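The values are calculated or read from the model by the stated rules, or taken from the named source; none is laboratory data. Keep in mind the model is a prediction, meaning the values are calculated, not measured. Counting neighbours? That spans all protein chains shown, and the Cβs are built from the backbone with ideal geometry, glycine included. Ligands, DNA and RNA are excluded from the accessible area calculation, which covers all protein heavy atoms including side chains. Shrake-Rupley method; radii C 1.70, N 1.55, O 1.52, S 1.80 Å.
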Amino acid sequence: MLLTYTASRAQTTSGFTSYTQTIPGSNQTYAMVAVPGGKGMMGSPPDQKGHQPDEGPVHSVTIEPFWMGKYEVTWDLYDLFAFTNMEKEMAAKYPAADANLAKTDATVRPSPPYVDMSFGMGRAGYPAINMTQYAAIKFCAWLYAKTGVFYRLPTEAEWEYACRGNDKNATLAYSFGNDVSKLGEYAVFKGNSNGSYKKVGTKKPNSFGLYDMHGNVMEWTQDQYIEDYYKQKAAGKVNEPYAPTTTLYPNSVRGGSWDDDPAVLRSAARTQSAPAWKIIDPQSPKSDWWMTSASFCGFRIIRPAKTPSEADIRAYYDIKPIKDY
């Protein structure tokens, strides 16, 4: 059962169950699925069809419980963050609850895009695309100011754990099994997309109740992409739960998209961001906020069951953009 409420800063996370986050001063909500913590395996074995060297070795991870967005973040919600006028106009239509405009007014927001970043593929009900990892994090900061609830991007480990659902042994290529002929039941991908993304939630969910974990749009994670990171972990050289971002490229993106072949949609498949994703941006330096050639990339967010300290929250949100010259 989904619980619907408007959270406040004083709210605790007692009772770990799925819920729907209402967005004050709007008609928007965002469904959050409770993902139980536990141990699982990450990566893929060498004999898995489509296996890449950066997916090995398979290794154990321990994941704390968290909530994850049932769907990818849509334009309906993202536009309230990206465009101040839209947020204010929406708040005027839905005045019943405090829209927290005074709190969100100080939020750093995207520069106006010079083209329609949906590229005409659809907006209402469709996943937001073409934002940078930095922009996705700043969206989370806006949402915190709006709702009082801490949201962030998932780590690679959290993302894969959530994608696998009940498969905790890394034996399956996809959350539903190894039979690629069933992929079309769960994913929008190159074989059935007709050249564009689709509205979120049009395919079957995984065993956790999460939609579009395979395909539709790739999803940003919190991690820097490091090709041999799994080998470093297996050798005991790194102990972090994720690889912190220190350079603009590459960062880790997961799930595959409407423009990808089945191998890229596997639970363990890793994709690295690249300068080509901004290749037609005429600005110098290129935009901190928008990617002009990444109509396959979006995101979804999580909420850890244990809320970080205010200092840690600020440290996460108050990042500076890394210039792209």
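Structure data summary
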{"read-out": "Filter result for Ser284 (open to solvent by less than 30 Å² (accessible area, probe 1.4 Å) and either in contact with a Gly (Cβ under 9 Å, 6 or more places away or on another chain) or in a loop (DSSP other than H, G, I, E, B) (or both))", "value": "no"}
{"read-out": "The lone exception for Ala102 - which of (1) buried (at least 20 other Cβ atoms within 10 Å of the Cβ); (2) part of a helix (DSSP H, G or I) it fails", "value": "(1)"}
{"read-out": "Count of residues meeting criterion [out of contact with any His (no Cβ under 8 Å at 6 or more places or on another chain), of a type outside the set (A, V, I, L, M) and either surrounded by 20 or more Cβ atoms within 10 Å (Cβ to Cβ) or outside any loop (DSSP other than H, G, I, E, B) (or both)] in segment 27-55", "value": "9"}
{"read-out": "Flag if Ala263 is among the small types (Gly, Ala, Ser) and either open to solvent by 10 Å² or more (accessible area, probe 1.4 Å) or closer than 15 Å to Glu72 by Cα (or both)", "value": "yes"}
{"read-out": "Residue check for Ala106: hydrophobic (A, V, I, L, M, F, W, C) and out of contact with any Pro (no Cβ under 6 Å at 6 or more places or on another chain)", "value": "yes"}
{"read-out": "Only listed residue being of a type outside the set (A, V, I, L, M, F, W, C), surrounded by fewer than 21 Cβ atoms within 10 Å (Cβ to Cβ) and closer than 21 Å to Asp318 by Cα, chosen from Thr132, Thr107", "value": "Thr107"}
{"read-out": "Some residue of segment 105-116 being in a helix (DSSP H, G or I), in contact (Cβ under 8 Å) with a residue 24 or more places away in the chain and not basic (Lys, Arg)", "value": "no"}
{"read-out": "Hey, Pro244 over 14 Å from Thr132 (Cα atoms) and in contact with a helix residue (DSSP H, G or I) (Cβ under 7 Å, 6 or more places away or on another chain) or not", "value": "no"}
{"read-out": "Residue that is most open to solvent (accessible area, probe 1.4 Å) [pool: residues in segment 296-325 that are farther than 23 Å from Met68 by Cβ and outside any helix (DSSP H, G or I)]", "value": "Tyr325"}
{"read-out": "Contacts under 7 angstrom Cβ, first residue in segment 226-253 being under 13 Å from Ser60 (Cα atoms), partner exposed (fewer than 15 other Cβ atoms within 10 Å of the Cβ) and small (Gly, Ala, Ser), 6 or more apart", "value": "none"}
{"read-out": "Within segment 247-276, considering residues that are of a type in the set (A, V, I, L, M) and assigned to a helix (DSSP H, G or I), the one farthest from Asn169 (Cα to Cα)", "value": "Ala276"}
{"read-out": "Filter result for Gly120 (in a loop (DSSP other than H, G, I, E, B) and either surrounded by 16 or more Cβ atoms within 10 Å (Cβ to Cβ) or within 19 Å of the chain's Cα centre (by Cα) (or both))", "value": "no"}
{"read-out": "Evaluation of Ser193 against (1) of a type outside the set (Lys, Arg); (2) out of contact with any strand residue (DSSP E or B) (no Cβ under 9 Å at 6 or more places or on another chain); (3) surrounded by 15 or more Cβ atoms within 10 Å (Cβ to Cβ) (one fails), failing number", "value": "(2)"}
